[in-house]
Structures are given as structure tokens and as C-alpha cells.
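Take a look at the structure below.
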Amino acid sequence: MMRVNTATILIVDDENDILQVIKAYLEKSNYIVYEADSGKGALQLFENLRPDLVVLDLMLPDISGEEVCRAIRKKSNIPILMLTAKSSEDDMVNGLLMGADDYITKPFSPRELLVRVISLLRRAQLQTERGGENTVVFGGGRLSIDPDLHEIRVDGEAVSFTPIEFKLLEILSRHPKRAFSRLELVNLIQGDTFEGFERTIDVHIKNVRQKIGDDPKRPVFIATVFGIGYKFQVNEDV
């Protein structure tokens, strides 16, 4: 089982100076670090190593970081931390839509990157190690959530969720009919280290809705509370 202090991390960046700084900083914290300077090299290492987390630069010389992110997401829900020189909100939102869990912009503090890595790995580990809870079923069996197995099923079929997506759905479903503000959800999911936009929650909600087949115009499970945020609702007649 993966442990945070011995986790394997794949760093993908074509700027060797940045790559080596990140590698040295993470290795000082006892992480096992692998490196790639291209998208194709990253995907090959991912297949061979199956790391616990990926630090992924979006500007790569061959295939884009966006393509790498999509390819990884098709096979795994491991945490992905985007590393990018693009700092606009739209760029960040697009990255999260591709399946990234968090992002950090260049130039950055290696210490901040380490904090983000630790936070993502701890969340992923907790979600795989939790025990003592049973599967919860909603919507007449259409949606089931198993915190012990970190598994979500839609109409009986297992669906892959990123750690943040899983945590978001779990929090909302544990408190049905309670309206959560975007800031509340950011703090509950990302923690105090998160310094991004509250709009990131909208992106994750969109991803969750797509995966559970929830129409935002006629939601069965996740309703928008205008001017506030979101709440979990259940119509057992569906």
C-alpha cells in the first residue's frame, strides 16, 4: 500500500533546471522520484512505473501536457499536479477539466510545491485506507458510493473518479439537502494550503455530474444553489 513518505512521483518538464530543482527537493523528503522531459517519455514511464503522483508541465516539446493528462486519466485516478507558466483562470479551469487535481504556476516556491504534493498524497491515501463504513446507495440504486473501496458505481458500473472528485461527491452526499458554498467546499477538499480560484469547484462539479450522468438543468443528485454553491439532493422515484 502506498505511504506518503515513500510514494513514487513522476516529474514531467522539459526545462532541466526546473526538473532537477523539483527532484532534489522531493528526494530530500524521501520521495522516490522519476523524471521525463517529454510527453511520450512520460507516458512510457507511467505505464512502466505506475507512480503514486504526477507533477506535469503543460508545455512539452512533443505532445502537450494536456494530452498526457487525458491519457493518464483514461487509465488511472492518481493525483496530477499541473505545473504551468499559464496563470489565467481560464487556463487553470481547462487543466482541471482535463482531470488534473491541482495546479501551481511558474515561477513557484519548491516548498509550496512540496506542500501541494503532500496534501494530494495524503488525501489519496486516506481514501484508500479508510475502513468501517458501508456502501451508501442513492436514487433507487442508480448511484452507490463505497468509501472503504474508494469506489463509485453508476447503474451498477464502476466509474473512475479522481481523489478530489470522489471527496467532493462524498462530502455532498453525506450531508443531503445542506447547501455548501464554493469556499466551504474548497476548504474541506483542498485544505488551507489551496490558493486557487473558487471557480475550481464548478469545474469539479461539472466533471462529477458528467460521470454520474446528472443533467445540471434537471439534476437528480447535485443541485446548484444560486448565489451560494451546491447541495446534494435525491429523488428516489428515478
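The values are calculated or read from the model by the stated rules, or taken from the named source; none is laboratory data. All of these numbers come straight from a predicted model, not from anything done at the bench. So basically every Cβ, Gly included, is an ideal-geometry build from the backbone, and we count neighbours across all protein chains shown. Please note that ligands, DNA and RNA were not included when accessible areas were found on the heavy atoms of the full protein model with its side chains. Shrake-Rupley method; radii C 1.70, N 1.55, O 1.52, S 1.80 Å.
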### Residue count for region 214-227, restricted to those that are modelled with pLDDT under 90 and either surrounded by 14 or more Cβ atoms within 10 Å (Cβ to Cβ) or assigned to a helix (DSSP H, G or I) (or both)
3
## Note on the structure
Log entry, pairs with first residue in region 9-26 being in a strand (DSSP E or B), second being modelled with pLDDT of 90 or more and open to solvent by 70 Å² or more (accessible area, probe 1.4 Å), beta carbons closer than 9 Å, six or more apart or on different chains, reads 9/32; 9/34; 10/34; 11/34; 12/37
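State all residues of region 48-59 that are under 21 Å from residue 117 (Cα atoms) and without any contact (Cβ under 8 Å) to a residue 60 or more places away in the chain; if no residue qualifies, say none. Steps first, answer last, please.
Step one: list which residues in region 48-59 are under 21 Å from residue 117 (Cα atoms), which gives 49-59.
Result: 49, 50, 51, 54, 56, 57, 58, 59.
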### Summary
Filter region 40-81 for residues that are within 24 Å of residue 123 (Cα to Cα) and of a type in the set (Gly, Ala, Ser); the one that is farthest from the chain's Cα centre (by Cα) is 42
### Hits in region 48-58 (condition: open to solvent by 10 Å² or more (accessible area, probe 1.4 Å) and at pLDDT 90 or above)
52
## Note on the structure
Quick count over region 28-47, residues being assigned to a loop (DSSP other than H, G, I, E, B), open to solvent by 60 Å² or more (accessible area, probe 1.4 Å) and of a type in the set (Phe, Trp, Tyr), is 0
### Task
May I ask you to verify whether residue 61 is over 17 Å from residue 203 (Cα atoms) and either surrounded by fewer than 20 Cβ atoms within 10 Å (Cβ to Cβ) or among the small types (Gly, Ala, Ser) (or both)?
yes
### Task
Evaluate region 68-78: report whether one residue or more is open to solvent by 60 Å² or more (accessible area, probe 1.4 Å), in contact (Cβ under 8 Å) with a residue 12 or more places away in the chain and touching a helix residue (DSSP H, G or I) at 6+ places or on another chain (Cβ under 7 Å).
no
#### Entry: Residues of region 158-180 satisfying the condition of being closer than 11 Å to residue 212 by Cβ and of a type in the set (Asp, Glu)
165
